[in-house]
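Reading through the C-alpha cells given below for one structure.
Bear in mind that the values in this text are calculations on the coordinates, not laboratory data. Since the structure is predicted, the reported quantities are computational estimates derived from the model, not experimental observations. Heads up, the Cβs are rebuilt from the backbone with ideal geometry, glycines too, and the neighbour counts pull from every protein chain shown.
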Amino acid sequence: MNFDMGAYGAYIWPAYGISALAILGAIAWALAAWRRAKAKLAALEKMTPIK
Amino acid sequence: MNVLFRYANPHEFMRLSGAVLPFIAISTALCFAIGLYLGFSVPPDYQQGTTVTLMFIHVPADVVAELAYGAIAVCSLLSLVWRHPLADIAARAAAPLGALFTALAIITGALWGKPMWGTYWVWDARLTSFLLLLFLYLGYMALWNAMEDETRAARACSILALIGLADIPIIKFSVDWWNTLHQGESIMSGKIATVYLAPLLIMMLGYALLFLTLWMVRIRTAVLERRARTLMREAAS
Amino acid sequence: MKLAARSGGSAALALSFFALVATLVPLGVGADLQLLARMASGVLWVAAVLAALLSLDRLFQGDFEDGSLDMIALAPLPLELTALAKIAAHWLSTGLPLTLLSPLLALLFNLPGAASAILLVSLLIGTPAVSAIGAIGASLTLSLKRGGLILPLIILPLLSPAVIFGAGAVSGVLDGTPANGALGLLAAFAVAAVLLSPFAAAASVRLNLSS
C-alpha cells in the first residue's frame, strides 16, 4: 500500500479523516441508542406484567 | 406484496433483522478492508495524481446520499398507499443517515475540488445538486420533528418526500443547465481507468452495506422505543 | 375572490419587502452599475420568491383555526379545486403585483430594457409556480404554530428550478442568448406545478384535518 500522497496529502487525509470520524460516530451513536432503548424496554417490562 | 406484509409485523421484522444483521455488518467491514487496501495500492492518475484516491470515498458517499432518499421515497409510498406499519419508522430512521452521507459527499467533493480547481467551491453541477439535496433532507427532518402527532407527521413527510422525489430530476436538470451556462467542470469526467474500477465498486458496495447496517440498527431501535412508549402509556392509564 | 380581498394587505407587504431587498443589496454590494446589472436577474428573482413566501403560512391557517376548513373539506366542491382557488388568489395578491413592480426595481439595478422585459415575463410565468408549490408547503404545515419557519426550508429547494430558469432567462439576454429556451423550461415547470400541486395540497389538508 502506498501512503505517500505528495502535495495532495493535505486534502486527502482530512477527507479520509472526516469520513472516518463521521462513519465511526454514526456507528457509535446508533449502537448507543440501541442499547439505551433495549435497557429502557427491559426496565419497563420488569415493572409491568407481560400480557 | 404478501411477502412484504409477512415481515411488516414488527416481531417478524425484529427476528429476521436480528438474524441477518451480523452478516451484513461483517460484509460491510470486509468491503471496507478490501476496498481501502486496493484503493491505496493503485498508481496515481496521470491527470489527477494521487487525488484519485478521493474518488473512493467521494463517489460512494454520493451513491448513499441518493440511495437513502430513494429508500425514504419507497417507504413513503408504502406508508401512504399500503399503510405498511414499519414504513413510517423506516423512513424517519433513514433521513439523518441520508443527510450525513450527503454532507460527506459535499465535504469530500470540496476537498477533491481544491487541488483540481484551485478553490473549494466552484458551483460544480453535481456538488450544487447535492447541496440542494441536503436541504431537502433537512426540511424533511424538520417537518418530522415539528409535528406532534406521529401519524400525521408520518403522512405529511411521506407527501413531502414524494414531492421531493418528483422534483429531484428537475432540480438536477436545471442545475446542469445552469452550469453549462457558466461552463463549470465536473470533478469526475467520464471514463474511469479499469485499475480504479475494482476499489471503487468495492467501496461503493461497502458504503451501501454500511447504510443498510446503520439503517437496520436505527429501525430496530425505533421499534423498541415504540414498544417502550406503549408500555408507558399503558402503565399511566 | 373574498380571499383576494382579505389578502390586500399581504400585497402591500410583499411589494414592500421586494422593494426593500432590492434596495438593500446594492447598499451591501456597492453601486458598481455593471456589477448590479449582472446581478439583477438573480437578486430580483430571489427577492420576489422570498416576498411571495411571506404570506404563505396563512394560506390555510385562517380557515383551519376557525374551523371552516373542516366544512370546506366536507363540501361538495372538491378540495383540490379549493386549493387551486387559493393558489390563484395567492398569486393575484402577491406574484402578480411583484411581477408588475419588477421593471421599476430593475431600474435600480441598471438592467437594460430588453432584459427588464424578459424579467417581467419570467416572473409572470414563474410566480404561479411559487404560489403552487408554496401552497403544498402551507398545507403540510398548517397545523404547526410556528410553521412559518419551516415552510421556506421545505419549499425553497423545491423551487430552485424556477429561480434557475427564470433568472437564467434574464442573464442570458445580457449575454446575447435568446430567452425562449429558459422561458420554455420555466413555463413547463410552472404548468406542471400548478396542475399537480392542488392534489398534493388537498391530500395534505385532509391528513391534517383527520384525527
* Separation in nanometres of the label points that stand 7 Å from Cα toward Cβ, at C:Leu195 and C:Asp175 -> 3.0
* For residues of B:128-140, the mean tally of beta carbons on other chains within 10 Å -> 3
* To do: Could you please state, rounded to a whole Å, how far the C-alpha centre of chain A is from the C-alpha centre of the range B:89-115?
  => 15
* Asked: For the range C:126-152 and the range B:118-136, what is the separation of their C-alpha centers, rounded to whole Å?
  -> 25
* Asked: Stokes-Einstein D for chain C at 25 °C, 0.890 mPa s, Kirkwood Rh over Cα pairs, in µm²/s?
  -> 141
* Structure fact -> Scan of chain B for trypsin sites (Lys or Arg not before Pro) in DSSP loops with at most 14 other beta-carbon atoms within 10 Å gives a longest site-free stretch of B:84-190
* Asked: What do the square roots of 5 times the Cα gyration tensor eigenvalues come to for the range C:77-147, in whole Å, largest first, as semi-axes of the equivalent ellipsoid?
  -> 30, 14, 8
* Taking only DSSP H segments of four or more residues, each worth -39500 (n - 2.57), what value at 222 nm results for chain C once the sum is divided by all its residues, to the nearest 500 deg cm²/dmol? -> -28000 deg cm²/dmol
* Zero-based 20 Å bins, Cα pair distances in the protein assembly as shown, whole percents -> 21, 47, 29, 3
* Structure fact -> Assertion target for B:Asp88, C:Asp70, ordered by fewest C-beta neighbours within 10 angstrom first, is C:Asp70, B:Asp88
* Asked: How long, wide and thick is the range C:1-88, going by the Cα atoms along their three principal axes, in whole angstroms, largest first?
  -> 57, 20, 18
* Asked: Across peptide B:206-215, what mean number of C-beta atoms from other chains lies inside 10 Å of a residue's C-beta?
  -> 2
* Which of the helices in chain C meet the span-like rule: DSSP H, Cα axial reach of 24 Å or more, Kyte-Doolittle mean at least 0.5? -> C:8-29, C:33-53, C:113-140, C:147-174, C:180-209
* Asked: Which FRET efficiency value, to the nearest 0.05, is calculated for B:Tyr120 and A:Trp29 with the Förster distance at 22 angstrom and r the Cβ-Cβ distance?
  -> 0.20
* Packing-wise, with mean Cβ within 10 Å as the measure, how do B:104-110, C:152-158 rank, highest first? -> B:104-110, C:152-158
* Asked: Among C:Leu140, C:Leu50, C:Leu183, whose Cα lies farthest out toward the positive end of the dipole of chain C, if unit charges sit on the beta carbon of Lys, Arg (+1) and Asp, Glu (-1)?
  -> C:Leu140
* **Shielding score for B:107-119, defined as the mean number of other chain Cβ atoms within 10 Å** => 3
* Asked: How about B:Lys114: which aspartates and glutamates have a C-alpha closer than 15 Å to its C-alpha, ignoring those fewer than 8 places off in the same chain?
  -> B:Asp124, B:Glu185
* Would you calculate, for chain B, the mean residue ellipticity at 222 nm contributed by helices, counting each DSSP H stretch of 4 or more residues as -39,500 (n - 2.57) and dividing by all residues, to the nearest 500? => -28000 deg cm²/dmol
